[in-house]
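See below for the structure under consideration.
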């Protein structure tokens with residue numbers, strides 16, 4: 001590919017498999033199949049892993065027998081395998097460990113040290129063989145000048161984008177974790193021409209999880225499309241999925257039902 005070419009990336013946050021939204025994920029796959037996509041980033045909490053969470057200790061409803069293996073195998077079958085088939089073999093693929101994955105990779109190993117060495121998520125999911133770069137919890141990766149994080153380290157409430165713009169002052173940042181869509185832009189009187197924006201992208205999980213007990217929330221399903229230009233400048237487009245369909249930055253409609261109709 002030419003060094004002057006624009007590179008297109010997809011960003012998927014908070015799938016929380018198996019508590020995911022199949023129709024929303026179908027939109028992501030449809031977009032990946034029908035476009036030239038150079039890279040893909042799982043932005044954290046791709047897996048829910050409530051079956052090993054400290055929050056569910058002693059709660060059999062969330063810890064059925066064989067749940068961990070079932071969830072990991074299902075993630076490979078329903079998420080990784082169809083995604084790998086949709087992307088080019090040489091696609092740039094990255095996997096950020098979110099706080100939910102850390103329940104397995106760190107927390108369970110601490111509380112059950114006898115299992116240390118048996119809980120390598122990247123190994124079980126074949127991430128290295130699949131070509132993924134793994135970013136540990138709390139870390140970041142970059143798309144040009146855009147910093148991509150999971151978002152759990154921001155520790156903000158309803159004003160998460162504003163807090164992220166303050167924490168990452170001087171850099172634009174994209175994150176998930178909060179399951180909604182937010183943006184906040186800052187500037188500096190010292191460098192009057194500079195602007196940086198923090199963007200919270202929507203989730204790809206069920207908007208009414210059973211643990212929420214039907215409480216109202218501002219969650220939204222969707223994903224991100226990022227075009228990275230030579231030199232690192234970028235354009236980030238949040239794509240909201242509504243009723244199993246979405247409109248991409250190219251103006252085309254994506255989704256499983258659209259493909260069936262075609």
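The values are calculated or read from the model by the stated rules, or taken from the named source; none is laboratory data. Just so we're clear, the structure is a prediction, and the values are computed from it rather than from any experiment. When we count neighbours, we look across all protein chains shown, and the Cβ atoms used for this are built from the backbone with ideal geometry, even at glycine.
Just a few scattered comments:
- The residues on offer are 165, 208, 216, 169, and the sole one that is part of a helix (DSSP H, G or I) and over 24 Å from residue 37 (Cα atoms) is 165.
- Residue check for residue 177: surrounded by 16 or more Cβ atoms within 10 Å (Cβ to Cβ) and at positive phi: yes
- A single entry from 108, 104, 61 fulfils the requirement of being in a helix (DSSP H, G or I), modelled with pLDDT under 95 and surrounded by fewer than 17 Cβ atoms within 10 Å (Cβ to Cβ): 61.
- Search result, residues across the range 122-137 that are out of contact with any helix residue (DSSP H, G or I) (no Cβ under 9 Å at 6 or more places or on another chain) and closer than 19 Å to residue 99 by Cβ: 135
- Residue that is surrounded by 12 or more Cβ atoms within 10 Å (Cβ to Cβ), modelled with pLDDT of 85 or more and more than 30 Å from residue 5 (Cα to Cα), where the choices are 49, 80: 49
- Here residue 80 meets the list (1) more than 14 Å from the chain's Cα centre (by Cα); (2) in a helix (DSSP H, G or I); (3) free of Cβ contacts under 8 Å to residues at least 60 places away in the same chain almost entirely, failing just condition (1).
- When the range 1-56 is filtered for residues that are within 16 Å of residue 177 (Cα to Cα) and in a strand (DSSP E or B), the ones remaining, listed by number, are 11, 12, 17, 20, 41, 42, 47.
- Exactly one residue out of 225, 147, 190 is more than 13 Å from residue 24 (Cβ to Cβ), free of Cβ contacts under 8 Å to residues at least 60 places away in the same chain and part of a strand (DSSP E or B), and it is 147.
- Some residue of the range 116-123 being surrounded by fewer than 19 Cβ atoms within 10 Å (Cβ to Cβ), over 21 Å from residue 203 (Cβ atoms) and in contact with a strand residue (DSSP E or B) (Cβ under 8 Å, 6 or more places away or on another chain): yes
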